[in-house]
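The values are calculated or read from the model by the stated rules, or taken from the named source; none is laboratory data. Bear in mind the structure is a predicted one, so any value in this text is a computation, not a measurement. Glycine gets a Cβ as well: all are built from the backbone with ideal geometry, and neighbour counts include every protein chain shown. Just so you know, the surface numbers come from the protein's heavy atoms only, side chains and all, with ligands and any DNA or RNA stripped out. Shrake-Rupley method; radii C 1.70, N 1.55, O 1.52, S 1.80 Å.
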Amino acid sequence: MFTRVIDSIRRLVPAGEPTSKADEICKNVSIVLTSRLKDPEGQLAHFPAAWKRQHSDSVLAAIREALRKPDAVQSIRDEFVRFTSSATQFWVLLNTPETAEFAGITGELGPHIEELATLNANLKEFIYGLPEAPVGAVELMQALTAHTVIENSWMVTYNYVRILLGDYHKDDMKDWAKPFMLSQGIFWEYLYRQELNMPPNIVASHHDGSFSPGFARFTQHACWPEYIESGEKYPRLKFESSWEDVFGEVSPFTGVTF
C-alpha cells in the first residue's frame, strides 16, 4: 500500500538543493497533499470532503510545528517513525500472499484476524475505540483498511518532508525509508504469529538460543527506531552493518533497490 505512494512522492522532490525554509516546505506539502486528496483513484478518494479539509489542515499544522523545533530534521524523523509504526502494524494484516512484497511479510494473517482480535492488545484497543464494534472479519478488515490509509497519509507526508530537508540518500540502494517500513512489517508479523501460535515468518538462527525461532533476527528488525531516533546519519548502513556483525551474512536489504 504505502511503497507505491512513496515512489510517486519521491519523484515530486524539486530539482536542486532541498530547502529547509518552513514556508517553502509547507507550500510543497500543501500542493502534494491537495493532489492526493483530489485524486479520484487515490486511497483517500471516498473520504468525505469535510474530513479531507480537516485532515489537510491537521497535517499542515503538524508539519509547521515540527519544522519550528530546534532540530527540525530529527523532529520530522521522529514523527515519521511514529506513523510508520502505526501504519504498518495493521497494514501487515491486510496483505495477501499475492500482494506481499518482501520475505518475512507473508500475507497469511488475514484469515486469522478474528482470532487475533481476541489476543492482541493493540487490536483490542483499536476495536474498543471505534464508534461501533465491527461485526465479523469483513467489517473488521474494512475498519483496519480505513485506519491504515489515514496513518499512511501521515507517514508518506512526513517522508516527503524528510526528503525536502535533504535527510535521504540519493542512491536507492542506500536510502533507509523503505527498508525501515518493511522491517516494521516483518516485526509486527512476527509478534502476531507468536500470539497465534503460527510458525515464525523469520528464518531461525543459532543465535536464537533458548528463545523462539527467528528471535535473533526479529531483534535486529526491531532496532530501526533506535537508529533513526538517535540521529544516525545513515540508518540503513547501521542496520546492515549490525546484521552482518551478528549473523556473518548480508542483511535482507543489502544491495536491494527500492
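Restricting to the stretch 166-199, what's the tally of residues that are part of a helix (DSSP H, G or I) and in contact with a helix residue (DSSP H, G or I) (Cβ under 7 Å, 6 or more places away or on another chain)?
Within the stretch 166-199, the subset part of a helix (DSSP H, G or I) is 177-195.
Next, only the ones that are in contact with a helix residue (DSSP H, G or I) (Cβ under 7 Å, 6 or more places away or on another chain) stay: 177-181, 183-190, 192, 195.
Summing the residues that are part of a helix (DSSP H, G or I) and in contact with a helix residue (DSSP H, G or I) (Cβ under 7 Å, 6 or more places away or on another chain) in the stretch 166-199 gives 15.
Does THR96 satisfy the condition of being of a type in the set (S, T, N, Q), over 12 Å from the mean Cα position of the chain (by Cα) and either over 25 Å from PHE218 (Cα atoms) or assigned to a loop (DSSP other than H, G, I, E, B) (or both)? Lay out the reasoning, then the answer.
On the way: of a type in the set (S, T, N, Q): yes; over 12 Å from the mean Cα position of the chain (by Cα): yes; either over 25 Å from PHE218 (Cα atoms) or assigned to a loop (DSSP other than H, G, I, E, B) (or both): yes.
Here the answer is yes, as THR96 does meet what is asked.
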Some residue of the stretch 152-161 being open to solvent by 30 Å² or more (accessible area, probe 1.4 Å) and either hydrophobic (A, V, I, L, M, F, W, C) or not in a loop (DSSP other than H, G, I, E, B) (or both): yes
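State yes or no: is TYR190 in contact (Cβ under 8 Å) with a residue 24 or more places away in the chain, open to solvent by less than 10 Å² (accessible area, probe 1.4 Å) and farther than 30 Å from PRO70 by Cβ? Break it down stepwise before answering.
Details: in contact (Cβ under 8 Å) with a residue 24 or more places away in the chain: yes; open to solvent by less than 10 Å² (accessible area, probe 1.4 Å): yes; farther than 30 Å from PRO70 by Cβ: yes.
Yes: the conditions hold for TYR190.
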Hey, GLN184 at negative phi, at pLDDT 95 or above, surrounded by fewer than 23 Cβ atoms within 10 Å (Cβ to Cβ) and not β-branched (Val, Ile, Thr) or not: no
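Could you grab me the full set of residues in the stretch 163-201 that are acidic (Asp, Glu) and closer than 30 Å to GLU114 by Cβ? Even if it seems obvious, please write down each step before you answer.
Kept after step one, since they are acidic (Asp, Glu), are these residues of the stretch 163-201: 167, 171-172, 175, 189, 195.
Of everything in the stretch 163-201, those that are acidic (Asp, Glu) and closer than 30 Å to GLU114 by Cβ turn out to be GLU189, GLU195.
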Failed item in (1) touching a Pro at 6+ places or on another chain (Cβ under 7 Å); (2) open to solvent by 10 Å² or more (accessible area, probe 1.4 Å), with LEU164 passing the rest: (2)
One residue from MET141, MET155 being among the aliphatic types (A, V, I, L, M) and touching a residue at least 60 places away in the same chain (Cβ under 8 Å): MET155
Which listed residue, of ILE202, ILE228, is surrounded by 19 or more Cβ atoms within 10 Å (Cβ to Cβ) and assigned to a loop (DSSP other than H, G, I, E, B): ILE202
Any hit, the stretch 206-224, residues being modelled with pLDDT under 95, in contact with a helix residue (DSSP H, G or I) (Cβ under 7 Å, 6 or more places away or on another chain) and buried (at least 16 other Cβ atoms within 10 Å of the Cβ): yes
Test: residue in the stretch 189-199 that is more than 15 Å from the chain's Cα centre (by Cα) and among the hydroxyl-bearing types (Ser, Thr, Tyr): yes
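Could you pull out the residue among LEU130, LEU182, LEU119 that is farther than 17 Å from ILE76 by Cβ, hydrophobic (A, V, I, L, M, F, W, C) and free of Cβ contacts under 8 Å to residues at least 60 places away in the same chain? Let's see the steps before the verdict.
Values: LEU182 fails: free of Cβ contacts under 8 Å to residues at least 60 places away in the same chain; LEU119 fails: free of Cβ contacts under 8 Å to residues at least 60 places away in the same chain.
After applying the criteria, what remains is LEU130.
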Candidates THR106, THR88, THR118, THR84, filtered to the one that is open to solvent by 50 Å² or more (accessible area, probe 1.4 Å), β-branched (Val, Ile, Thr) and modelled with pLDDT of 95 or more: THR118
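Per-residue answers, yes or no, for (1) free of Cβ contacts under 8 Å to residues at least 12 places away in the same chain; (2) farther than 15 Å from TRP154 by Cα:
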{"position": "ALA50", "(1), (2)": "yes, yes"}
{"position": "VAL59", "(1), (2)": "no, no"}
{"position": "GLU65", "(1), (2)": "yes, no"}
{"position": "ARG68", "(1), (2)": "no, yes"}
{"position": "GLN74", "(1), (2)": "no, yes"}
{"position": "ARG77", "(1), (2)": "no, no"}
{"position": "SER86", "(1), (2)": "no, no"}
{"position": "LEU93", "(1), (2)": "no, yes"}
{"position": "ALA103", "(1), (2)": "no, yes"}
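Identify all residues within the stretch 1-45 that are modelled with pLDDT of 90 or more and surrounded by 15 or more Cβ atoms within 10 Å (Cβ to Cβ); write none if there are none. Break it down stepwise before answering.
So the first thing to find is which residues in the stretch 1-45 are modelled with pLDDT of 90 or more, and the list is 23-45.
Passing the criteria: ILE25, CYS26, ASN28, VAL29, VAL32, LEU33, ARG36, LEU37, GLY42, GLN43, LEU44.
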Residue list for the stretch 46-64, restricted to those being open to solvent by 60 Å² or more (accessible area, probe 1.4 Å) and part of a loop (DSSP other than H, G, I, E, B): HIS46, PRO48
